[in-house]
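Encoded as structure tokens, the structure appears first; notes follow it.
The values are calculated or read from the model by the stated rules, or taken from the named source; none is laboratory data. Since the structure is predicted, the reported quantities are computational estimates derived from the model, not experimental observations. Every residue, glycine among them, receives a Cβ derived from its backbone with ideal geometry; neighbour counts consider all protein chains shown.
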Amino acid sequence: MIKNEIIRILLADDDKDDRTDFIEAFETLKIATTVETVKNGIELMKYLNEPSTIIPHLLFLDLNMPKKSGLECLVEIKKIKKLKNLTVVIYSTSSSEKDIDDTFLNGANVYLKKPAHLIVLKKTLLHILTIDWQYHTSGLNRENYLLHL
Amino acid sequence: MIYYLKYDVQAICKRLVQEQLQNLGINYSLLNTNELDINQALPNDFLHALNSNLVKLGIEIVSSQKSILVQKIKDAIMELVNQEDKLILSKTSHYLAKILNHSYRYLSGTFSEITYTTIENYIILQKIEKAKDMIAAGELTFTEIAWKLNYSSVAHLSMQFKNTTGFTPTLFKKIITQKKNNLILDTVNK
């Protein structure tokens, strides 16, 4: 009676090429997904707060966005009750320890440094999806959901 | 004179199912995605009877045997991980095959199909989850945790922990502790 659910993914990134690469990376994965993108933090919060939006399973959040940064969005997201089970993946070019610590302390689940190559991105995304799916289906403790890639 | 009949198959099937359910006095909802939600606990033979009647009409209830099996595998793994007796990965396949009465190959295949991961990875994930809980609880040393989870040494635990989460146990502990402290501060400041 139950087909495997389609995993819903949302990307917030101001860089058009990064958004394109990201969508392309998902197209060839064996796991069924739908991918939406937004261009900045303001669009992101608007989308998430919209009552008709179906909350995605995973949010990939770029840190460096104009108008409203990824970190500001993260702090806001963690205060919203209906986004409690949304997995937040910080997706950034930064490898500064401070950025990494800040994002985990503020409630992000995964920190992913943007890989230079599409092939590496595909492999990493598959890894994240697989782990994340266990959190959605096996009752694992989200308080301890921390992953650094 | 020959007349052409147009069948609205969806409507026909739905009607047939509805009649069956109404005859049996079952409380249900028929969703548009071919899913039947039965709002009461049905004994197994009742379900069989319903299914046989439907089959005669060309309709079949597909209960996902695979999903049920996967849940049983997960339950068996949880039992293994939670018991403090020796958990040796190489014997797990025999154990699972024996208690679930299927070849390990069939179990593996079904598990991967439904969960997108392998049984081996899932076992490691559960062990590391337990390690995380113990670290967050803050009462045991890493040595004690490694011993409880049947790692041959702290180094072995750390290695698997780092491979699975990207963190060393020490760094993970630091972050979790800081998060807890922040939470306490937030509550105090309210």
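Here are the numbers for the structure shown:
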item	result
Checklist (1) among the hydroxyl-bearing types (S, T, Y); (2) closer than 27 Å to B:Y116 by Cβ; (3) out of contact with any Lys or Arg (no Cβ under 8 Å at 6 or more places or on another chain) applied to A:S52, failing item	(2)
Residue match in region A:87-107 (condition: over 13 Å from the mean Cα position of the chain (by Cα), among the aromatic types (F, W, Y), closer than 25 Å to B:K130 by Cα and at the interface with chain B (Cβ under 9 Å from one of its Cβ atoms))	yes
Hits in region B:121-144 - residues which are at the interface with another protein chain (Cβ under 10 Å from one of its Cβ atoms), touching a residue at least 12 places away in the same chain (Cβ under 8 Å) and either closer than 21 Å to B:N181 by Cα or of a type in the set (A, V, I, L, M, F, W, C) (or both)	B:L125, B:I128, B:A131, B:K132, B:I135, B:A136
Which numbered condition A:V89 fails, given (1) closer than 15 Å to B:G166 by Cβ; (2) hydrophobic (A, V, I, L, M, F, W, C); (3) modelled with pLDDT under 95	(3)
Of all residues in region A:98-134 being in contact with a Ser or Thr (Cβ under 7 Å, 6 or more places away or on another chain) and of a type in the set (S, T, Y), the one that is surrounded by the fewest Cβ atoms within 10 Å (Cβ to Cβ)	A:T130
Evaluation of A:T34 against (1) of a type outside the set (G, A, S); (2) at pLDDT 95 or above; (3) closer than 22 Å to A:H136 by Cα (one fails), failing number	(2)
Which numbered condition B:T165 fails, given (1) away from chain A (no Cβ under 12 Å); (2) among the polar types (S, T, N, Q); (3) closer than 20 Å to A:N141 by Cα	(1)
Residue in region A:66-89 that is without any contact (Cβ under 8 Å) to a residue 40 or more places away in the chain and in a strand (DSSP E or B) present	yes
Verdict on B:D37 being surrounded by fewer than 12 Cβ atoms within 10 Å (Cβ to Cβ) and within 13 Å of chain A (Cβ to nearest Cβ)	yes
Residues (in a helix (DSSP H, G or I), more than 7 Å from chain B (Cβ to nearest Cβ) and touching a residue at least 40 places away in the same chain (Cβ under 8 Å)) located in region A:130-149	A:D132, A:Y135, A:H136, A:R142
Given (1) among the basic types (K, R); (2) at pLDDT below 90; (3) more than 14 Å from the chain's Cα centre (by Cα), index of the condition B:K66 fails	(3)
Contacts under 6 angstrom Cβ, first residue in region B:9-33 being without any contact (Cβ under 8 Å) to a residue 60 or more places away in the chain, partner of a type in the set (S, T, N, Q) and outside any helix (DSSP H, G or I), 6 or more apart	B:N27/B:N39; B:N27/B:Q40
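One line per residue, one yes/no per condition, for (1) outside the structural domain of B:K179 (by TED's automatic domain parsing); (2) more than 16 Å from the chain's Cα centre (by Cα); (3) surrounded by fewer than 15 Cβ atoms within 10 Å (Cβ to Cβ):
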{"site": "B:D75", "(1), (2), (3)": "no, no, yes"}
{"site": "B:L80", "(1), (2), (3)": "no, no, no"}
{"site": "B:K91", "(1), (2), (3)": "no, yes, yes"}
{"site": "B:Y104", "(1), (2), (3)": "no, yes, no"}
{"site": "B:F111", "(1), (2), (3)": "no, no, no"}
{"site": "B:N121", "(1), (2), (3)": "no, no, no"}
{"site": "B:L125", "(1), (2), (3)": "no, no, no"}
{"site": "B:A137", "(1), (2), (3)": "no, yes, yes"}
{"site": "B:L140", "(1), (2), (3)": "no, yes, yes"}
